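See below for the structure under consideration.
Derivation of every value follows stated rules applied to the coordinates shown; laboratory data play no part. What you see is a predicted model; the values in this text were computed from it and never measured. We place every Cβ from the backbone using ideal geometry, glycine too, and count neighbours over all the protein chains shown.
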Amino acid sequence: MYARLQSIADTLDRFAELTGRLLAWLTLGMVIITCAVVVLRYQFQTGSIALQESVSYLHAIVFMLGAAYTLKHDDHVRVDIFYQKQSRRVRAWIDLLGTLLLLVPVCLFILLESLGYVSDSWAIREGSREAGGLDAVFLLKTAIPVMAVLLLLQGCAQLLHNFLAIAGYPQPEEIHDIHDDRYG
């Protein structure tokens, strides 16, 4: 059973890793587009609302869809005055309860509450309020429930990892540490 649960958690981790690494390329796109906007404005005295909006869209997408990648790497804001001094098992309990009592309810709330909002936007194919803006606001709003689902999937991986740690099974990073100590 350990191997099966670990395999599921690892698969979910790999998915978050893949999405995070793919999304990281969008930041390069933001930089390039921002440079283009600046060059157009100051060298050619022209501008593009669509280009300016695309930077905002890309930023929102990276922020929302990259949240699961950030969770996987434990890079979210945490008050760890007491946390860091605890044993692996106590930290696993804290993380498990935090996931069950905070992450999962918030993600479910965001998912359920955003569905109508996104559905309404799709129904009218909502576009930019600005003349010359992007006609894809409905696509941007779709990132809200997608973010919730990605966070829920990574939350499931975290739950599995923490459950296995509480049960006393070594985590992949602990196995590597043992291997490094023996052979490093």
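So here's what we get for this one:
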| item | result |
| --- | --- |
| Efficiency of FRET between Val37 and Thr70 - r from beta-carbon atoms, R0 22 angstrom, step 0.05 | 0.20 |
| Sorted peptide list for 52-65, 143-156, criterion being average Cβ within 10 angstrom, highest first | 143-156, 52-65 |
| Relative contact order of region 40-150, pairs being alpha-carbon contacts under 8 Å that are 6 or more residues apart, as % | 38 |
| Residue-span extension gain [Trp25 to Ile94] - 0.36 nm each, minus C-alpha spacing | 21.5 nm |
| Where labels lie 7 Å past Cα in the beta-carbon direction, separation of Leu101 and Arg78 in nm | 1.6 |
| 0 to 90° range, to nearest 10: angle between helix 88-98 axis and the chain longest Cα axis | 40 |
| Net dipole in debye of the chain [+1 Lys, Arg Cβ; -1 Asp, Glu Cβ; about Cα centre; nearest 20] | 80 |
| FRET efficiency estimate (nearest 0.05) - Cβ-Cβ, Arg14 to Ala131, R0 35 angstrom | 0.20 |
| Theoretical FRET efficiency, 1/(1+(r/R0)^6), r = Cβ-Cβ of Phe63 and Tyr2, R0 35 Å, to 0.05 | 0.50 |
| Loop trypsin sites (Lys or Arg not before Pro), region 68-149 (other Cβ atoms within 10 Å of the site Cβ: 15 or fewer; DSSP) | Arg78, Arg125, Arg129 |
| Scattering profile of region 2-183 at q = 0.12, 0.16 Å⁻¹ [log10 I(q)/I(0), Debye over alpha-carbon scatterers] | -0.72, -1.03 |
